[in-house]
Structures are given as C-alpha cells and as structure tokens.
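Asker: I'd like to ask some things about the structure below.
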Amino acid sequence: VQLQAFGGGLVQAGGSLRLSCAASGRTFSNSAMGWFRQAPGKERELVAGISWSAGGTYYLGSVKGRFTISRDNVKNTVYLQMNSLKPEDTAVYYCAARNGIRISGLASEYDWWGQGTLVTVSS
C-alpha cells in the first residue's frame, strides 16, 4: 500500500499549486482521506479532509475559501487545489488515508501516509 504525493514547489504569494496524491496497492474508495501539513517547529495539522463519498469535507479555518480538496475514486487519487497562497502556508504537505469513512482531525487515526511534498511560498 502506497500513497505518493506530488505537486509541491516554490510559488510567490498569491499564486496557486495543485497537489495530487495517488494511491496504489488497495482501493481507498471507502476511506476518508486528508491533507496534513507540518511547518518547522510546529505540529502536524489537518488542512483539508474528505469523506469516502466526497459528501463531506473539512477545511482548516485559515485555508477556507482558498483551498479545495477533491477525490477521484476511479483513479484512486485525491487532490488539493491551493489558491491565494500565503507565506504562512509554507510547510511539508502530507496526504493520508484512514481505515474509516469519516474524516478525523487526528493524525494518529490515519493509517497510511504519503512521503510529503514541500510547498514554499515566498513573500
């Protein structure tokens, strides 16, 4: 079972990036998935989550209206569209999946993790 995240990079403030997370080894159509981020010296936090059916989503308050999470269960892929990026969005972003259909805000409740992709937003 593998989650592979990609799409990070360096972008100027106000710019956009789209992260993708491709899952392999099993189907995640019955799993809630999320994007976490971790900045230096800070705890890992849930940025956005999506339920197994995409009927439910969660966003961290500071990214609401700027980030959009989506999933394609046929492609076994989850996406994070990030617009109007700010320097405080700089972090390593991780995709994760859990053995449950509902979103959880706790990193400990996610069973599979991608390797992380670095997003750097310059001012």
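Asker: Name the residues whose placed amide hydrogens come within less than 5 Å of the amide hydrogen of TRP52, ignoring near sequence neighbours (fewer than 5 apart) on the same chain.
Answerer: So TRP52 has HN proximity to ALA32.
Asker: Still on this structure: Per 0.36 nm of contour for each residue apart, how much would the distance between SER123 and ARG26 grow if the chain were fully extended, relative to their Cα-Cα spacing?
Answerer: Values: separation 97, 0.36 × 97 = 34.92 nm, distance 4.00 nm.
Length difference between fully extended and current span is 30.9 nm.
Asker: Another question about this same structure. Between ASP111 and SER70, what FRET efficiency follows from the Cβ-Cβ distance if R0 is 22 Å, with the result rounded to 0.05? Walk me through the numbers on the way to the answer.
Answerer: On the way: r = 21 Å, r/R0 = 0.96.
The pair ASP111/SER70 has a calculated efficiency of 0.55.
Asker: Could you let me know the centre-to-centre spacing of the stretch 1-23 and the stretch 57-110, using Cα atoms, in angstrom?
Answerer: 11
Asker: Just add up the charged neighbours of LEU19: K/R +1, D/E -1, any other residue whose Cβ is under 14 Å from the Cβ of LEU19.
Answerer: Values: positive: ARG18, ARG37, ARG66, ARG71; negative: ASP72, ASP89.
Result for the neighbourhood of LEU19: +2.
Asker: Any lysines with Cα under 28 Å of the LYS42 Cα? List them, leaving off those in the same chain fewer than 8 positions away.
Answerer: LYS64, LYS86
Asker: Could you provide, to the nearest whole Å², the per residue accessible area of the stretch 37-123 with probe 1.4 Å? Spell out each step's value before the answer.
Answerer: Working: 4470 Å² over 87 residues.
So the stretch 37-123 comes to 51 Å² accessible per residue, rounded to a whole number.
Asker: For the chain, what log10 I(q)/I(0) values come out of the Debye formula at q = 0.11, 0.20, 0.23 1/Å, with one point per alpha carbon and no solvent?
Answerer: Each listed q corresponds, in turn, to -0.31, -1.05, -1.38.
Asker: To continue, here is another question. Roll a 1.4 angstrom probe over the protein heavy atoms and tell me the percent of accessible area of the stretch 1-92 that is carbon or sulfur. Could the numbers behind the result be given before it?
Answerer: On the way: 2170 of 4510 Å².
C and S fraction of accessible area: 48 percent.
Asker: Also, I was wondering about something else. Please give the peptides 20-31, 64-75 ranked by average Cβ packing (other Cβ atoms within 10 Å per residue), highest first, as a rough proxy for protection. List each step's numbers first, then the result.
Answerer: Values: 20-31: 17.0, 64-75: 15.0.
Descending mean neighbour count gives 20-31, 64-75.
The values are calculated or read from the model by the stated rules, or taken from the named source; none is laboratory data. In this text the structure is predicted, and so the values were computed from the model without any measurement. We place every Cβ from the backbone using ideal geometry, glycine too, and count neighbours over all the protein chains shown. Heavy atoms of the whole protein, side chains included, go into the accessibility calculation; ligands, DNA and RNA do not. Shrake-Rupley method; radii C 1.70, N 1.55, O 1.52, S 1.80 Å.
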